[in-house]
Amino acid sequence: MSAYKLETPGVISFSGGRTSGYMLRKILDEYDNKLPEDLPVVFSNTGKEMPQTLDFVQECSDKWNVPIVWIEWNENSEHNLDVVNYETASRKGEPFERLIDSKAFLPNPVTRYCTSYLKIKAMRAYCMFWKDFEYWNNYVGLRYDERHRVARIHNRKKKERWETEAPLHAARVTVHDVFKFWTNNDFDLRLPNIGGKTPQGNCDMCFLKGKNTIMNIMKSDPKLADWWIAQEEKKIGGNQLAHKFRKDRASYRGLLEQTQNQLDLFEYDQSTDTCFCHD
C-alpha cells in the first residue's frame, strides 16, 4: 500500500515549508488531486511567519487547486480558534502576543507553550469543533532522515484523540528528494535553502533556532528583531516579565547589538532544536 494512501478521518498538517509542501503534493498525486472531505489540509498561523511563507501556502493552494484551511489560536473566540484566510491572516504576531499576555511569562526551550497552543491545541480545536472528528490521524512532514524526530512522536504517551503519522518517513523520502522536487517545480518557497534547511522558515526568529541563525536573520532584516525585543521587555499588569526567551544566551536586544558590531555574516547553525512546526 502506498505511504500516501492515508487512513481517515485525518488532517494534513501543512507547516508552510518545503518538506510539508512536498508531502502535500505526493498525497494529492495519490488521490488524483481530489482529497476526501474528512482529510483537510490545515495551516496553523502564529502571526510570526515570514511573508514568503504565507505566500507559499497560498501559492500551493492556488497552483494545485487544493483548499487549505488557515487557523489561528485565539482564546477570546469560540473554541479558542479563528478560521482565517490569506487576506485576513495575522502578520504582526497577534496570536502569539495574545498568548504571551494571557500566560504572563515567556515560553522557553523547557516550557514551549507556544507550540502547545498555537499549533497543537489549535489543530485539535479545528478537528473537534469544525470537523466533528472524535479520533483522527495527524499527518506531518517528517522525512526518513529525521528518524530521531519520528521516534519522538511515536514515543509519546497515547493520551490524545489523534495519532501522528509521517508518510514521508514511511516512503523513505530524504532532504535530497525534497530539494530535487522544488528545484524542478514551477514555483518554490522564496526563502533561502541552506543545506536543505530553511533558516527563516516558521516563526522568523524562534528562540529554538541557533544563535548564529538568529543573528544572520537580524543582519539581513534588523526590524524583525523588534517584536521579540518588545516581548522580552514588556510589562504585563505593571510587572515586567521575569526572564528572557532563553537563559543560556543574550537577550534579543543583546543579539541585535552584537550583529551591529559584526561586519561579516555568521556560519549558520547545523543543528537546531525544533518544535514540530519547524520544516
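Each reported figure results from applying straightforward, stated rules to the coordinates on display, with no laboratory input. None of the values given here were measured: they were computed from a predicted structure. Cβ sites come from the backbone with ideal geometry, for glycine too, and all protein chains shown count toward neighbours.
Things to note:
- Look at the dipole of the chain built from charges on Cβ: of Pro192, Ile214, Phe14, the Cα furthest out on the positive end belongs to Ile214.
- Calculated from backbone phi, Karplus (6.51, -1.76, 1.60) coupling profile of the stretch 70-87 in Hz, x at Gly/Pro: 9, 10, 9, 5, 8, 5, 8, 9, 4, 6, 6, 9, 10, 9, 10, 8, 4, 6
- Over the chain: helical MRE at 222 nm, DSSP H runs n ≥ 4 each giving -39500 (n - 2.57), nearest 500: -9000 deg cm²/dmol
- Of the residues Ala89, Ile229, Val175, the one whose Cα sits farthest towards the positive end of the charge dipole of the chain is Ile229 (charges of +1 on Lys and Arg Cβ, -1 on Asp and Glu Cβ, taken about the Cα centre).
- The stretch 118-159: chymotrypsin sites (Phe, Trp or Tyr not before Pro) falling in loop per DSSP and having at most 15 other Cβ within 10 Å: Tyr135
- Rounded to the nearest 20 debye, the dipole magnitude of the stretch 211-260 is 140 debye, with +1 charges on Lys and Arg beta carbons, -1 on Asp and Glu beta carbons, and the Cα centre as origin.
- Among the GluC sites (Glu not before Pro) in the stretch 5-54, those placed in a DSSP loop whose Cβ has at most 13 other Cβ atoms within 10 Å are Glu7, Glu37.
- Cross-link pairs exceeding 21 Å between alpha carbons, from the set Lys63/Lys197; Lys121/Lys159; Lys223/Lys244; Lys48/Lys180: Lys63/Lys197; Lys48/Lys180.
- Look at Trp73, Trp182 and count the other Cβ atoms within 10 Å of each Cβ; fewest to most, that gives Trp182, Trp73.
- Projecting the Cα atoms of Tyr126, Tyr144, Thr46 onto the dipole axis of the stretch 10-184, where Lys and Arg carry +1 and Asp and Glu carry -1 at the beta carbon, places Tyr144 farthest toward the positive end.
- DSSP-assigned coil residues among trypsin sites (Lys or Arg not before Pro) in the stretch 3-110, each with at most 14 further Cβ atoms within 10 Å: Lys5, Lys34, Arg91, Lys92
- Among (i) -0.32, -0.39, -0.74; (ii) -0.55, -0.59, -0.80; (iii) -0.25, -0.33, -0.76, the entry that matches log10 I(q)/I(0) by the Debye sum over Cα atoms at q = 0.07, 0.08, 0.12 Å⁻¹ as calculated here: (iii)
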